[in-house]
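> Below are the structure tokens for one structure; questions will follow.
The values are calculated or read from the model by the stated rules, or taken from the named source; none is laboratory data. These numbers come from a predicted model, not from an experiment. With ideal geometry, Cβ positions are generated from the backbone for all residues, glycine too; neighbour counts draw on all protein chains shown.
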Amino acid sequence: MKKLILLLSLLWLLSPDILIAGNTPDNPVAPAGKKVTVYTTAENTKFRISATETLIMSDFGQPLETQPCIFVDPGKTFQTFIGIGAALTDASAETFAKMPKDKQQEILQNYFDPQKGIGYTLARTNIHSCDFSSGSYTYVDENDADLKSFTIAHDREFRIPFIKQAIAAAGGKLTLYASPWSPPAWMKDNNNMLQGGKLKPAFYQSWANYFVKFISAYQAEGVPVWGISVQNEPMAKQKWESCIFTAEDERDFIKNFLGPTLKKAGMSDKKLIAWDHNRDLIYQRASTILDDPEAAKYVWGIGFHWYETWTGGGNIFDNVKRVAESYPEKALIFTEGCAESFTFSKMNEWKWGEIYGRNMINDFNNGAVGWTDWNIALDETGGPNHVQNLCFAPLHANTKTGELYYLSSFYYIGHFSKFIRPGAKRIISSASQGQLLTTAFLNTDGKIAVIVMNQSEDKIPYRLWIHGQAAETISLPHSIQTLVVDF
């Protein structure tokens, strides 16, 4: 024993580092743990996408059931993210135009700048009028089936200048797609752009040509069009612009008219989005169209909305997953959602943000590649809207006083759009606590963005756990966090 102690002492004197635990040549010291920056938005605090903490991950091993964790696995990757954004409607453009120049710049910076704002990269707009226009209009004269009178002069006043400024604020690139709410009245069997009705078969080709005219006209104005959807909410008869397409109607219009017409015009690269309506009927619509190879070959993906919630059906998130499971080669994209029945006095209610957070987390976890809010900004009335279908937006502008009001939804969306960038891959993020909702993405720069949302009244301590390393933090009541990991 004395000889062993003497030998160890001699070794220590000759090479003092060799016996330090974990520092042998065969077992070098593990590098410092990964850095995690925590950004927080929480009710009853001043935190609004605020950098609230910097954590360092360290070895943790097996957690206990009494130690809440968010388990993240960057080795399991899923869909590729294309972006988050909102609709640049007539209403938004008109509201924007009425604001002072400094407020216009604030809107653009806060929405589109990835450093100073929340970094929107995706946008939707309407093909001629929708409910969020000051009135109904089209781009052609009455009964002009040959579309010789086609002009987008109406859009040059407010909408196109607004879109161009948004593109510039986003760094020169914005993934923009367009949706029609109704064909011109004379193309429909009810002779009305409003109240549903159906496209007359005699005008199928003329209506398909209308899409090509729109894309060409916008691109001639310097506004690139990435894609189009076939019809906004094709199963809804609305008091505003609307048109009914059954699943079979839409399938046949795509494969016999719209798809071939885009191809003939050299626009096969434009992403064609089917359905563009709620999650409730999404599987029936997707299967009807995508099970037909001649229709499916033209379709990039399936768009969906969230309004089954507002009609009493509740969020049916699993229906999105069913489409992802059955048609993995097609994309899923959330194309519209908002809170309806605007009331000025209710803008400060925290629930608006939580509605967005809950939907976005579930939609991404079920396969969505992109997520598009409805109007990017509205005025102090929840409009303008020519049928008084007034709604909430994440930002309201008082066109009388010049004030801007940011709802909780602005910040909740920002926790995704600012930190998850185009090209990111969704990865596994699993919560051991039912009160915590989570999703995560691996960005192209190697950083991981983990979203953690707490809808409860409880303050919940938890650990972010990745490959046996963990860092502890706290989820505040009614909060959302983004944890950015330098992986």
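> In region 93-111, what residues are without any contact (Cβ under 8 Å) to a residue 60 or more places away in the chain and either in contact with a Pro (Cβ under 9 Å, 6 or more places away or on another chain) or basic (Lys, Arg) (or both)?
Residue satisfying the conditions is Lys101 alone.
> Among the listed residues His386, His396, identify the single one that is farther than 22 Å from Asn278 by Cα and not in a loop (DSSP other than H, G, I, E, B). Lay out the reasoning, then the answer.
On the way: His386 fails: not in a loop (DSSP other than H, G, I, E, B).
After applying the criteria, what remains is His396.
> If you don't mind, there's one more thing I want to ask. Which one of these does Phe487 not meet: (1) at pLDDT 95 or above; (2) within 28 Å of Pro63 (Cβ to Cβ)?
The single condition Phe487 does not satisfy is (1).
> Could you figure out which of (1) over 19 Å from Ser182 (Cβ atoms); (2) out of contact with any Asp or Glu (no Cβ under 9 Å at 6 or more places or on another chain); (3) basic (Lys, Arg) isn't true of Lys213?
The number of the failed condition is (1).
> Another question about this same structure. Output yes when any residue across region 223-246 is assigned to a helix (DSSP H, G or I), farther than 13 Å from Ala178 by Cβ, in contact (Cβ under 8 Å) with a residue 40 or more places away in the chain and touching a helix residue (DSSP H, G or I) at 6+ places or on another chain (Cβ under 8 Å), and no when none is. Can you show your working first?
Our first condition is that a residue be assigned to a helix (DSSP H, G or I); within region 223-246, this holds for none.
No, region 223-246 contains no residue that is assigned to a helix (DSSP H, G or I), farther than 13 Å from Ala178 by Cβ, in contact (Cβ under 8 Å) with a residue 40 or more places away in the chain and touching a helix residue (DSSP H, G or I) at 6+ places or on another chain (Cβ under 8 Å).
> When you check Gly353 against the structure, is it closer than 21 Å to Ile316 by Cβ and touching a residue at least 40 places away in the same chain (Cβ under 8 Å), yes or no?
In short, no.
> Inspect region 404-417 for any residue being assigned to a loop (DSSP other than H, G, I, E, B) and either closer than 25 Å to Val369 by Cβ or outside the structural domain of Asp59 (by TED's automatic domain parsing) (or both) and give the result as yes or no. Lay out the reasoning, then the answer.
Kept after step one, since they are assigned to a loop (DSSP other than H, G, I, E, B), are these residues of region 404-417: 407.
From what is left, the residues that are either closer than 25 Å to Val369 by Cβ or outside the structural domain of Asp59 (by TED's automatic domain parsing) (or both) are 407.
Yes, there is a match, as at least one residue in region 404-417 is assigned to a loop (DSSP other than H, G, I, E, B) and either closer than 25 Å to Val369 by Cβ or outside the structural domain of Asp59 (by TED's automatic domain parsing) (or both).
> Moving on. How many of the residues in region 451-464 are within 14 Å of Pro68 (Cβ to Cβ) and surrounded by fewer than 23 Cβ atoms within 10 Å (Cβ to Cβ)?
Residues meeting the conditions: 6.
> Now for a different question. So Ala51 ticks every box in (1) surrounded by 14 or more Cβ atoms within 10 Å (Cβ to Cβ); (2) aliphatic (A, V, I, L, M); (3) in contact with a Phe, Trp or Tyr (Cβ under 7 Å, 6 or more places away or on another chain) but one. Which box is left unticked?
Tallying (1) surrounded by 14 or more Cβ atoms within 10 Å (Cβ to Cβ); (2) aliphatic (A, V, I, L, M); (3) in contact with a Phe, Trp or Tyr (Cβ under 7 Å, 6 or more places away or on another chain), Ala51 fails exactly one: (1).
> A further question on this structure: Based on what the data block shows, is Thr309 β-branched (Val, Ile, Thr), out of contact with any strand residue (DSSP E or B) (no Cβ under 8 Å at 6 or more places or on another chain) and at pLDDT below 95? Show your work before the answer.
Numbers: β-branched (Val, Ile, Thr): yes; out of contact with any strand residue (DSSP E or B) (no Cβ under 8 Å at 6 or more places or on another chain): yes; at pLDDT below 95: yes.
Considered against the rule, which asks whether it is β-branched (Val, Ile, Thr), out of contact with any strand residue (DSSP E or B) (no Cβ under 8 Å at 6 or more places or on another chain) and at pLDDT below 95, Thr309 comes out as yes.
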